[in-house]
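Each value in this text was obtained by applying a stated rule to the coordinates, not by laboratory testing. The shown structure was predicted, so the numbers you read here are calculated from the model rather than taken from an experiment. No Cβ is skipped: glycine too gets one built from the backbone with ideal geometry, and neighbour counts run over all protein chains shown.
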Amino acid sequence: MNHLSLAQAAMLFEEAKAASENTYSPYSQFAVGAAVLTADGLVFRGTNVESGSYGVTICAERVAVANAISAGKHDIRAIAVYANTDSVARYNAVIDVPGVYFIKLTAGYSSVTRKVVRL
């Protein structure tokens with residue numbers, strides 16, 4: 001599989017940034033957006049949705065992946081994440097690795113090295 005070009009990464013990052021505008025984060029004011037790129041070139045967005053019951057809060061990455069899977073797209077090529085902060089390393093990055101969303105969603109943060117394009 002070919003890696004993303006810088007133009008593709010920038011486009012995906014802008015999609016994630018746009019998704020963050022739809023955040024529902026009344027508690028943290030932490031607007032996060034995510035965008036996933038499927039192998040066939042489609043982009044699916046997601047944003048974080050907070051709840052007064054912290055355990056019900058949904059991160060933007062999960063929403064974006066769920067949107068793709070709900071549309072029948074299971075082959076995720078890359079994910080971009082944007083947040084209105086630079087204080088957390090996983091935000092404001094494009095991760096170009098197939099299957100990374102599965103590791104993120106099921107096992108938390110993996111120590112496996114990944115190709116990350118910082119914008």
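Stretched out fully, how many nm does the piece from Asn84 to Glu21 gain, at 0.36 nm a residue minus the Cα gap?
21.7 nm
Each label was represented as a point 7 Å from its Cα along the Cα-to-Cβ direction; for Asp40 and Ile58 these points are 2.3 nm apart.
Cβ-to-Cβ counts within 10 Å put Phe30, Phe13 in ascending order as Phe30, Phe13, the fewest first.
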